[in-house]
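Enquirer: My questions will all concern the structure given below.
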Amino acid sequence: MTVRTTYLDANATEPLRPAARAAMLAAFDITGNPSSVHTPGNAARRIVEDARETIAGLWGVRPNGVIFTSGGTEADALAIRALGSERHIIVGATEHDAVRKAPVACDILPVDEAGLPRLDALEAMLSCGDGEALVCVMLANNETGTIARIPAAAAICATFGARLHVDAVQAAGRVPFRFGELGATSMAISAHKLGGPIGVGALMLTPGIAFGTPMMAGGGQEQGRRGGTLPAALIAGFAAAARDAIANLGDMPRIAALRDRAEAAAVAAGAEVYGNIADRLPNTTCLRMPGAKGQELVIALDLEGIAVSSGAACSSGKPGTSHVLQSMQVPSDRAAETIRVSLPWNATEADIDRFVDVYPRGAERLRAEARAA
Ligand code: PLP
């Protein structure tokens, strides 16, 4: 008998939405390079440009402000390279490694106990510099789900003439927002975090912004801002998933209620929650069970058919203390007892029934083993 996996690791990647699958299957049958001038090339280009218009419209960006990339990591890296060169780079302490590990010297913006950028610190850092800065802050954190006050950060950046890049990879398709409301210079999103395919994303730009050296010049695609043949089918899947995700944002209260039920059961079993003192994504909870190592709990749950993750789980399998929890002043022994539960768009009551049944037992067994050791 095959046990159905209860998939609760959506922040690592979301299940593919049927609309995205259908759009990709149709587009895979079209032979043509979107840069070619003949009829098949035009057909492929039509797919890309329709998708660009869809994606631009969903977040209120001009179509020529959308640059397709291979995903969120590349969109973040491109923003830092093309918008941040010769600038003082300031990076939030809880940023994803896509931003933190971009190969540039940067200063770290401290966060508060919810993991949100400290606006007083931002102001102080910008007022010490010469104003030529690029500030990188994420809209929603991948480990705790906390949502930052981007417009407030943007207002401070504007006062000092600084650019603001927002990593919206985890927020896009889960909470409603328009690019213009953020007040940012640029924004990164990724298809597979909203139910599209892995391997495509976008950097979105405010109109008229000077764009520096691209990472890949290649054949001059994307108006010379990102070289490389555009993957028309992936881009079609991206647009279809994005449309579906935004059309179904009304389902997020259901997801939040499921998350809250899982969280309440975990708390009743002795867990504490990190990040719940701030606004959070509806699908995410970061749970610490005293006495149960997060990585062992992930394996114990996996053996029961439940997929969650520990620590900085985009890079799961890579042990180490979560820099997110560390910068929230969570001691490392506690951070090591943490797992992330993130519900996908298609989570069901039955998934949470399974979690509520298995998590307390699994956690108690590990705690008992730790006590006995
Ligand atoms: N930014 C955040 C906040 C993420 O959570 C991730 C992936 O988990 C990325 C960027 C990288 O996105 P991608 O996997 O599309 O490269």
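The values are calculated or read from the model by the stated rules, or taken from the named source; none is laboratory data. Bear in mind the structure is a predicted one, so any value in this text is a computation, not a measurement. All Cβ positions, glycine included, derive from the backbone under ideal geometry; neighbour counts span all protein chains shown. Side chains are part of the model used for accessible areas, which takes the heavy atoms of the whole protein and leaves out ligands, DNA and RNA. Shrake-Rupley method; radii C 1.70, N 1.55, O 1.52, S 1.80 Å.
Enquirer: Can you name the residue in the range 116-137 that is of a type in the set (A, V, I, L, M) and under 16 Å from the mean Cα position of the chain (by Cα) and is also farthest from the ligand (Cβ to nearest atom) among such residues?
Expert: Leu116
Enquirer: Taking the options Thr206, Thr284, name whichever one is polar (S, T, N, Q), in contact with a strand residue (DSSP E or B) (Cβ under 8 Å, 6 or more places away or on another chain), closer than 30 Å to Gln326 by Cβ and at pLDDT 95 or above.
Expert: Going through Thr206, Thr284 in turn, just one is polar (S, T, N, Q), in contact with a strand residue (DSSP E or B) (Cβ under 8 Å, 6 or more places away or on another chain), closer than 30 Å to Gln326 by Cβ and at pLDDT 95 or above: Thr284.
Enquirer: Could you identify the single residue in Gly32, Gly57 that is away from the ligand (no atom under 14 Å from the Cβ) and part of a helix (DSSP H, G or I)?
Expert: Numbers: Gly32 fails: part of a helix (DSSP H, G or I).
That would be Gly57, the only listed residue that is away from the ligand (no atom under 14 Å from the Cβ) and part of a helix (DSSP H, G or I).
Enquirer: For the range 276-299, which positions are among the small types (Gly, Ala, Ser) and open to solvent by less than 30 Å² (accessible area, probe 1.4 Å)?
Expert: Across the range 276-299, the qualifying residues are Ala278, Ala292, Gly294.
Enquirer: Give the residue, chosen from Ala19, Ala105, Ala23, that is more than 22 Å from Ile209 (Cα to Cα), more than 16 Å from the ligand (Cβ to nearest atom) and buried (at least 21 other Cβ atoms within 10 Å of the Cβ).
Expert: Exactly one of Ala19, Ala105, Ala23 is more than 22 Å from Ile209 (Cα to Cα), more than 16 Å from the ligand (Cβ to nearest atom) and buried (at least 21 other Cβ atoms within 10 Å of the Cβ), namely Ala23.
Enquirer: So, restricting to strands (runs of 3 or more DSSP E) that lie completely within the range 138-250, which ones have at least 2 residues that are open to solvent by less than 50 Å² (accessible area, probe 1.4 Å), within 12 Å of the ligand (Cβ to nearest atom) and among the small types (Gly, Ala, Ser)?
Expert: 186-190, 201-205
Enquirer: Right, next: Kindly list the number of the only condition in (1) under 27 Å from Ala372 (Cα atoms); (2) touching a Lys or Arg at 6+ places or on another chain (Cβ under 7 Å) that fails for Leu287.
Expert: (2)
Enquirer: Further question on the same structure: For the range 204-253, how many residues are of a type in the set (Ser, Thr, Tyr) and in contact with a helix residue (DSSP H, G or I) (Cβ under 9 Å, 6 or more places away or on another chain)?
Expert: Let us first name the residues in the range 204-253 that are of a type in the set (Ser, Thr, Tyr), namely 206, 213, 229.
Subsequent filtering for residues that are in contact with a helix residue (DSSP H, G or I) (Cβ under 9 Å, 6 or more places away or on another chain) retains 206, 213.
Of the residues in the range 204-253, 2 are of a type in the set (Ser, Thr, Tyr) and in contact with a helix residue (DSSP H, G or I) (Cβ under 9 Å, 6 or more places away or on another chain).
Enquirer: Looking only at the range 73-95, count how many residues are open to solvent by 50 Å² or more (accessible area, probe 1.4 Å) and within 16 Å of the ligand (Cβ to nearest atom).
Expert: Going through the range 73-95 one residue at a time, the tally reaches 2.
Enquirer: Here's something else I'd like to know. Just one of (1) under 21 Å from Leu281 (Cα atoms); (2) part of a helix (DSSP H, G or I); (3) away from the ligand (no atom under 16 Å from the Cβ) trips up Ala98, so point out which.
Expert: Of (1) under 21 Å from Leu281 (Cα atoms); (2) part of a helix (DSSP H, G or I); (3) away from the ligand (no atom under 16 Å from the Cβ), only one is false for Ala98: (3).
Enquirer: If Ala373 satisfies all but one of (1) modelled with pLDDT of 95 or more; (2) among the small types (Gly, Ala, Ser); (3) open to solvent by 80 Å² or more (accessible area, probe 1.4 Å), what's the number of the condition it fails?
Expert: The single condition Ala373 does not satisfy is (1).
Enquirer: I would also like to ask the following. Under 8 Å by Cβ, and 6 or more places apart or on different chains, what pairs join a residue from the range 354-373 that is closer than 18 Å to Gln295 by Cβ with one that is open to solvent by 60 Å² or more (accessible area, probe 1.4 Å)?
Expert: Val358/Glu304; Gly362/Glu304; Leu366/Lys293; Leu366/Glu296; Ala370/Lys293
Enquirer: Looking at (1) without any contact (Cβ under 8 Å) to a residue 40 or more places away in the chain; (2) away from the ligand (no atom under 14 Å from the Cβ); (3) not in a helix (DSSP H, G or I), which is the only condition Glu113 fails?
Expert: (1)
Enquirer: Let me ask something else. Here are some residues: Ser70, Ser35. Which one is open to solvent by 40 Å² or more (accessible area, probe 1.4 Å) and over 30 Å from His323 (Cα atoms)?
Expert: Details: Ser70 fails: over 30 Å from His323 (Cα atoms).
Only one candidate qualifies: Ser35.
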